[in-house]
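Notes for the one structure printed next.
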């Protein structure tokens with residue numbers, strides 16, 4: 001079983017080591033105390049809430065992205081290229097090619113205003129893809145990341161019919177040169193994993209956010225009021241795509 | 001009554017020939033499915049926009065019509081209409097066969113058909129698809145029991161009770177099939193509460209048309225039965241057209257649906273053509289005219305049934321393919337463009353393998369019907 005399917009919502013295991021104070025915990029506490037002296041409070045809270053590598057996903061966090069359309073440069077596709085590199089995607093643009101993230105260029109009909117922004121899986125709190133999946137292969141982790149279990153996806157594509165964001169792709173051809181940390185397979189549906197392999201390693205950014213030259217993409221914990229993403233969401237007006245559906249997306253947009 | 005029925009000549013030689021033909025077409029369909037499985041869905045016309053293509057048109061037709069073809073059996077055992085009784089067994093066998101053909105196509109179109117056991121062992125009860133797995137397998141079981149009750153004289157006394165259960169299950173099954181689409185909140189074409197009842201009515205009309213054609217290949221019905229079948233086909237075609245009109249008229253009332261309706265009814269190229277020409281004119285109005293004109297003959301009834309089936313395929317193509325071809329409206333008020341074809345009408349052309357798989361499903365239903373008719377006491381006999 002791959003790392004993505006380890007921890008489903010509500011299945012977060014209780015602390016496997018209830019020993020009073022292990023050496024590992026003591027060292028972690030010491031590191032946290034040392035860090036507290038030099039790091040800003042925001043970073044401290046994020047470290048404290050983050051799961052350690054190998055630990056189940058926690059419902060105390062809700063990972064998400066804030067995308068500022070005002071900062072997204074016309075013609076720039078660094079986030080798309082970074083996603084393809086990170087996840088071993090081929091990067092084609094035929095109707096049968098997989099695209100986990102795409103740059104959408106928009107023109108407002110009434111005013112002619114132009115803008116661009118990347119669109120990927122919106123990691124909904126109420127994901128229609130999870131509701132419709134007959135086998136439960138589409139699932140939401142406790143930390144809000146929506147994934148596909150490659151072992152139980154039968155390739156019916158009902159989730160693609162249900163997704164309001166056209167965020168999912170079907171693997172139409174045999175695959176080569178896959179990345180070990182990003183399992184994929186012909187005949188299965190897939191989409192943005194919010195770089196879950198990074199998160200499960202303890203890293204705190206996605207490939208797209210890291211690659212964005214203007215820092216238009218901010219990754220963080222929506223459940224943590226002290227995180228940068230929460231702070232920015234308090235300061236600027238933001239929107240959810242298809243907010244009328246009330247899916248409570250984990251990806252938010254400003255400047256739209 | 002039995003003396004009025006001209007029994008068919010279904011000799012041994014003819015049976016083997018028909019069976020060989022059916023198996024040949026089925027083998028081609030299975031080879032097409034193997035190609036799709038081996039090469040991937042890249043050999044089909046489907047992509048990341050139109051994710052359900054020709055196989056779904058065939059599969060949904062077979063499943064929906066399978067429910068409707070039981071009209072005859074229900075009329076005989078539930079509503080005690082004696083004219084239908086001699087043909088009730090064929091009606092049940094056809095339901096079983098078409099359901100099997102439809103499910104075969106649906107299953108072989110999966111990206112991972114070898115994982116069908118996963119679908120049978122992992123259920124997400126929030127999913128309409130998962131519920132449909134129960135509805136389809138339940139329909140198989142119910143129809144098998146129904147057929148047994150019909151064939152086994154000692155069990156005839158339970159026929160009405162089983163017939164009622166099967167009738168209820170038929171409505172559940174077509175409600176479930178309609179709900180697969182009705183629950184898709186994301187797409188302009190679907191997410192409508194009228195779809196489940198619309199699917200029920202479509203199933204009644206299409207099933208009736210299938211029965212008329214199969215019956216005509218098996219023998220001549222009585223004049224009385226032919227007259228009733230004719231009227232029923234006309235009424236059901238009219239009802240289906242009415243529900244389809246309601247579906248589009250409700251959409252036309254909502255401003256947010258105007259663009260979609262303009263696409264599907266006027267500007268969408270092949271889709272309006274198939275809708276107005278294929279479904280409305282040839283598939284609905286022409287059959288009604290054929291069965292209700294003064295000098296309607298047995299030939300006009302058959303022609304009406306064939307046109308109804310042509311209309312069924314046109315309806316499903318427009319609904320399933322056209323519904324997906326229309327772009328998702330993710331950014332209302334904006335023109336969108338991207339490498340993933342946001343804002344564009346999706347292009348779809350069915351490829352040979354997927355059409356052959358669909359025809360293979362019809363062949364599977366044909367083979368099952370042939371074998372059933374040959375080995376069981378299916379066709380009207382002197383005892384009826």
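The values are calculated or read from the model by the stated rules, or taken from the named source; none is laboratory data. Bear in mind that the values here come from a model prediction, so they are computed numbers and not experimental data. A quick note on method: Cβ atoms are made from the backbone with ideal geometry, for glycine too, and the neighbour counts reach across all protein chains shown.
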Worksheet item: When only residues in the range B:35-52 that are more than 7 Å from chain A (Cβ to nearest Cβ) and part of a loop (DSSP other than H, G, I, E, B) count, which is nearest to residue B:324 (Cα to Cα)?
Response: B:50
Fill in: Subset of the range B:59-83 (residues that are closer than 14 Å to residue B:159 by Cα and part of a helix (DSSP H, G or I))
B:72, B:73, B:74, B:75, B:76, B:77, B:82
Worksheet item: Among (1) away from every other protein chain (no Cβ under 14 Å); (2) more than 30 Å from residue B:299 (Cβ to Cβ); (3) surrounded by fewer than 19 Cβ atoms within 10 Å (Cβ to Cβ), where does residue B:143 come up short?
Response: (3)
Worksheet, complete the sentence: Within the range A:171-201, restricting to residues that are within 18 Å of residue B:111 (Cβ to Cβ) and without any contact (Cβ under 8 Å) to a residue 60 or more places away in the chain, the one that is surrounded by the fewest Cβ atoms within 10 Å (Cβ to Cβ) is A:176
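When you scan the range B:266-277, do you find a residue that is touching a residue at least 60 places away in the same chain (Cβ under 8 Å), in a loop (DSSP other than H, G, I, E, B) and surrounded by fewer than 23 Cβ atoms within 10 Å (Cβ to Cβ), even just one? Let's see the steps before the verdict.
Taking the range B:266-277 first, the residues touching a residue at least 60 places away in the same chain (Cβ under 8 Å) are B:268.
The next check asks that each one be in a loop (DSSP other than H, G, I, E, B); those that pass are B:268.
Cutting the leftovers down to surrounded by fewer than 23 Cβ atoms within 10 Å (Cβ to Cβ) gives us B:268.
Yes, the range B:266-277 contains at least one residue that is touching a residue at least 60 places away in the same chain (Cβ under 8 Å), in a loop (DSSP other than H, G, I, E, B) and surrounded by fewer than 23 Cβ atoms within 10 Å (Cβ to Cβ).
Residues to consider are A:80, A:130; find the one that is closer than 19 Å to residue A:197 by Cα and within 18 Å of the chain's Cα centre (by Cα).
Numbers: A:130 fails: closer than 19 Å to residue A:197 by Cα.
From the options A:80, A:130, the qualifying one is A:80.
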Worksheet item: Of the residues that make up the range B:195-212, is at least one surrounded by fewer than 16 Cβ atoms within 10 Å (Cβ to Cβ), within 14 Å of chain A (Cβ to nearest Cβ) and within 18 Å of the chain's Cα centre (by Cα)?
Response: no
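Report yes if residue A:145 is within 8 Å of chain B (Cβ to nearest Cβ), touching a helix residue (DSSP H, G or I) at 6+ places or on another chain (Cβ under 9 Å) and either crowded, with 24+ Cβ neighbours inside 10 Å or without any contact (Cβ under 8 Å) to a residue 24 or more places away in the chain (or both), otherwise no. Outline the logic, then answer.
Values: within 8 Å of chain B (Cβ to nearest Cβ): no; touching a helix residue (DSSP H, G or I) at 6+ places or on another chain (Cβ under 9 Å): yes; either crowded, with 24+ Cβ neighbours inside 10 Å or without any contact (Cβ under 8 Å) to a residue 24 or more places away in the chain (or both): yes.
No, not satisfied.
Please count how many residues of the range B:115-135 are touching a residue at least 12 places away in the same chain (Cβ under 8 Å) and more than 9 Å from chain A (Cβ to nearest Cβ). Give the derivation first.
The initial filter retains those residues of the range B:115-135 that are touching a residue at least 12 places away in the same chain (Cβ under 8 Å), namely B:119-120, B:128-129, B:131-133, B:135.
Okay, now just the ones that are also more than 9 Å from chain A (Cβ to nearest Cβ), so B:120, B:135.
Count: 2.
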Discussion item. For the list (1) without any contact (Cβ under 8 Å) to a residue 40 or more places away in the chain; (2) over 23 Å from residue A:97 (Cα atoms); (3) within 14 Å of chain A (Cβ to nearest Cβ), I need the number of the one condition that residue B:375 fails.
Written reply: (3)
Fill in: Meets criteria (surrounded by 16 or more Cβ atoms within 10 Å (Cβ to Cβ), modelled with pLDDT of 95 or more and part of a loop (DSSP other than H, G, I, E, B)) for residue B:110
yes
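Please verify whether residue A:187 is part of a strand (DSSP E or B), modelled with pLDDT of 95 or more and over 21 Å from residue B:185 (Cβ atoms), treating the condition exactly as stated. Step through it out loud before you land on a result.
Working: part of a strand (DSSP E or B): no; modelled with pLDDT of 95 or more: yes; over 21 Å from residue B:185 (Cβ atoms): yes.
Here the answer is no, as residue A:187 does not meet what is asked.
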Fill in: Residue within the range A:116-137 that is facing another protein chain (nearest Cβ under 10 Å), closer than 19 Å to residue B:331 by Cα, surrounded by fewer than 23 Cβ atoms within 10 Å (Cβ to Cβ) and in contact with a strand residue (DSSP E or B) (Cβ under 6 Å, 6 or more places away or on another chain) present
yes
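So if I check each of B:111, B:138, which one is facing chain A (nearest Cβ under 8 Å) and over 14 Å from residue B:78 (Cα atoms)? Quick ask: steps written out before the conclusion?
On the way: B:138 fails: facing chain A (nearest Cβ under 8 Å).
Being facing chain A (nearest Cβ under 8 Å) and over 14 Å from residue B:78 (Cα atoms) holds for just one of B:111, B:138, which is B:111.
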Fill in: Candidate set: the range A:202-256, residues that are assigned to a strand (DSSP E or B) and within 14 Å of another protein chain (Cβ to nearest Cβ); chosen: the one surrounded by the fewest Cβ atoms within 10 Å (Cβ to Cβ)
A:239
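Given the criterion free of Cβ contacts under 8 Å to residues at least 12 places away in the same chain and in contact with a helix residue (DSSP H, G or I) (Cβ under 7 Å, 6 or more places away or on another chain), identify the matching residue among B:232, B:252. Please lay out each step first, then the result.
On the way: B:232 fails: free of Cβ contacts under 8 Å to residues at least 12 places away in the same chain.
That would be B:252, the only listed residue that is free of Cβ contacts under 8 Å to residues at least 12 places away in the same chain and in contact with a helix residue (DSSP H, G or I) (Cβ under 7 Å, 6 or more places away or on another chain).
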Practice prompt. Taking only the range A:64-90 into account, find how many residues are under 17 Å from residue A:183 (Cα atoms), in a loop (DSSP other than H, G, I, E, B) and touching a residue at least 60 places away in the same chain (Cβ under 8 Å).
Written response: 1
